[in-house]
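Since the structure comes first, as structure tokens, the remarks are kept for the end.
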Amino acid sequence: MFFTTGRKTVKHELIKLIFNEYLRRTAFKKTKVGLLKKPSELRTLCCDIACIVVYRSYDSQPDIWASSREGSYLFERLKNLLSNNEVNL
């Protein structure tokens, strides 16, 4: 299985857990920066609302990219779609 990043293709087998806590958090911070750019790019290209929620087990609050109003709107919309069985997950 292959995952495509912005610049290169990464084999799924190469993605492994980083056991060193410091290195894992550093890698996460770098990855998060790239991840948080994506909704902005989608919003620019598609003129639509995008939201990302990143929750880490060691933090009390998740990181949310979007305004709280947009995030609330998207979550309510998703909840309604799921309750009406309009989305297959």
R0 = 22 Å: FRET efficiency of Tyr58 with Lys37, Cβ-based, nearest 0.05? 0.40
Hey, rough spin-label estimate for Ala50 and Lys29, points 7 angstrom out along Cα→Cβ, what's it come to in nanometres? 2.4
For Ser83, put the label point 7 Å out on the Cα→Cβ axis and report which residues of segment 42-77 keep their amide N under 15 Å from it. 73-77
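Readers should treat all values here as calculations from the given coordinates under stated rules, not as data from a laboratory. Everything quoted here is computed from the prediction, not taken from an experiment. Neighbour counts run over all protein chains shown; Cβ positions are idealised from the backbone, glycine included.
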